[in-house]
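The values are calculated or read from the model by the stated rules, or taken from the named source; none is laboratory data. Just so we're clear, the structure is a prediction, and the values are computed from it rather than from any experiment. A quick note on method: Cβ atoms are made from the backbone with ideal geometry, for glycine too, and the neighbour counts reach across all protein chains shown. Protein only, heavy atoms only, side chains kept; ligands, DNA and RNA dropped before computing areas. Shrake-Rupley method; radii C 1.70, N 1.55, O 1.52, S 1.80 Å.
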Amino acid sequence: MKNFDFVVVGGGIIGMTTARELAIRGANVALIEKGELGKEASWAAGGILSSMRPWTENSSSAELSEHGKLHYPSFIEALINEAGIDPEYVKSGLVIIEAEHVNDINHWARSKCIKVIEKMENLHANITLPDQVILLPEIAQIRPPRLLTALRESLKKLSVSLYENTTINKFVISAGRCEKVEYKGGELSAESVIITAGAWSKCVLGDKCIDMNIKPIHGQMICVKPIESVLQTIILDGGHYLIPRQDGHVLIGSTMEDIGFNKETTMTAQQELQSWAVTVWPTLKNATLVKHWSGLRPSTDTEKPFIGSVPNFKNLYFNTGHFRKGILQGPSSALLLADMFAGDSSFMEIDEFSLNRQTNSAEIA
Ligand SMILES: Cc1cc2nc3c(=O)[nH]c(=O)nc-3n(C[C@H](O)[C@H](O)[C@H](O)COP(=O)(O)OP(=O)(O)OC[C@H]3O[C@@H](n4cnc5c(N)ncnc54)[C@H](O)[C@@H]3O)c2cc1C
């Protein structure tokens with residue numbers, strides 16, 4: 001049996017950043033992924049480094065998002081040095097079309113000293129915006145597939161043991177301690193086991209699910225190649241958005257579907273996304289469809305992730321439930337958890353994200 005300081009279960013952005021942060025601090029870490037690293041929700045994401053409606057975010061989630069925004073440039077710089085792969089962090093700015101909430105957005109931005117531009121020149125003659133929009137010029141984006149490829153390289157350089165395509169058969173639990181993790185072909189033990197399995201986190205331990213309010217919310221997205229590259233800024237309109245990439249492609253997202261563990265892409269969703277996009281950018285009707293994909297966001301009832309220990313266990317922890325903000329909040333969540341293990345004070349209280357917040361007795365059901 002191989003022994004580690006930490007076994008991390010689930011290799012999306014959250015598992016990979018968690019494993020990286022612990023390994024940087026000298027821990028011996030194994031990361032177990034049932035498929036390929038970073039190919040589920042994290043791969044599907046648009047990579048906007050902002051909440052969809054930041055002015056409505058609850059305070060602890062907002063604090064985590066804010067830290068994410070500030071931390072990203074140094075995180076990306078370190079990652080490029082480690083991996084030699086550029087995830088294309090670009091401060092492209094974000095235009096919010098929510099005429100009825102302009103006052104709320106302004107009020108929120110002023111209270112946070114966030115720079116906004118209310119009256120903006122037309123982005124381009126071919127982009128149709130309502131009179132009242134708000135531009136947040138500091139918002140950035142990254143390309144998730146490139147970010148995940150860079151993280152994979154970084155983990156290899158940091159000597160994290162990567163177990164891909166590895167199905168866990170059993171967590172052996174005795175007296176509230178996870179003694180070992182058995183998989184086909186071997187077993188691992190660790191001082192601490194961290195569940196980072198995204199939408200699958202609730203029942204990762206097997207037949208006994210943990211009482212946590214987490215479920216998959218299906219999101220579909222398309223990528224098109226417009227006939228002209230005229231857009232530099234992200235445009236957000238309710239749940240829909242356009243993300244212009246540096247290579248001229250444009251992502252159009254996204255749907256929100258509460259349909260269980262179903263990742264099917266549908267023509268209905270494609271049409272919904274295309275019809276919304278042409279209301280903003282009419283010539284997109286002539287754009288070539290390049291790709292259509294989907295992912296399962298790990299959603300929680302309070303739109304806050306769960307980070308910390310699992311009640312009634314001595315060595316089991318979570319970092320999951322980041323819903324629409326896992327790319328933005330992932331590196332900061334990893335820092336928060338790693339600081340907890342090191343006994344260091346962190347940039348905020350980890351208790352804000354405890355499993356205990358949903359019930360006072362989150363137990364194995
Ligand atoms: C369409 C779409 C657009 C999005 N856009 C953005 C955005 O612009 N900005 C942003 O910040 N966020 C965005 N998100 C949200 C973001 O993608 C998620 O919050 C984030 O990817 C969650 O990361 P994760 O690591 O928890 O989950 P995942 O990436 O799903 O990773 C979980 C991993 O755990 C593995 N796993 C599951 N069970 C087991 C098991 N038993 N054993 C081993 N491994 C297991 C899975 O195979 C998977 O690889 C978007 C999501 C979608 C779907």
Has the range 253-267 got at least one residue that is in a strand (DSSP E or B) and either open to solvent by less than 60 Å² (accessible area, probe 1.4 Å) or farther than 20 Å from Asn286 by Cβ (or both)? yes
Looking only at the range 305-341, and only at residues there that are over 26 Å from Glu272 (Cα atoms) and touching a His at 6+ places or on another chain (Cβ under 9 Å), the one that is surrounded by the fewest Cβ atoms within 10 Å (Cβ to Cβ): Leu335
Just name the residue that is least open to solvent (accessible area, probe 1.4 Å) out of those in the range 171-200 that are among the basic types (Lys, Arg) and within 15 Å of the ligand (Cβ to nearest atom). Lys180
Determine whether the range 205-215 contains at least one residue that is assigned to a loop (DSSP other than H, G, I, E, B), near the ligand (Cβ under 10 Å from one of its atoms), modelled with pLDDT under 95 and surrounded by fewer than 20 Cβ atoms within 10 Å (Cβ to Cβ). yes
Which of the residues that make up the range 274-309 are at positive phi and away from the ligand (no atom under 16 Å from the Cβ)? none
Would you mind stating whether Cys203 is touching a Lys or Arg at 6+ places or on another chain (Cβ under 9 Å) and not assigned by TED's automatic domain parsing to the domain that holds Leu273? no
Could you check how many residues of the range 138-174 are under 20 Å from the mean Cα position of the chain (by Cα) and assigned to a helix (DSSP H, G or I)? 12
Can you tell me which residues in the range 16-52 are touching a Leu at 6+ places or on another chain (Cβ under 9 Å) and charged (D, E, K, R)? Arg20, Glu21, Glu33, Lys39, Glu40
Could you please find all residues in the range 137-152 being more than 11 Å from the ligand (Cβ to nearest atom) and open to solvent by 40 Å² or more (accessible area, probe 1.4 Å)? Glu138, Pro145, Arg146, Thr149, Arg152
Reported set for the range 28-73 where residues are more than 9 Å from the ligand (Cβ to nearest atom), crowded, with 19+ Cβ neighbours inside 10 Å and under 22 Å from Met256 (Cβ atoms) is Pro54, Trp55, Glu57, Ser61, Leu64
Residues in the range 153-170 that are within 12 Å of the ligand (Cβ to nearest atom) and open to solvent by less than 20 Å² (accessible area, probe 1.4 Å): how many? 1
Between residues in the range 12-39 that are assigned by TED's automatic domain parsing to the domain that holds Lys325 and residues that are among the basic types (Lys, Arg) and in a helix (DSSP H, G or I), which pairs lie under 8 Å by C-beta distance while being six or more apart or on different chains? Met16/Arg152; Leu37/Arg152; Gly38/Arg152
Criterion: in contact with a strand residue (DSSP E or B) (Cβ under 6 Å, 6 or more places away or on another chain), under 28 Å from Gly185 (Cα atoms) and not in a helix (DSSP H, G or I) - qualifying residue of Val7, Val95: Val7
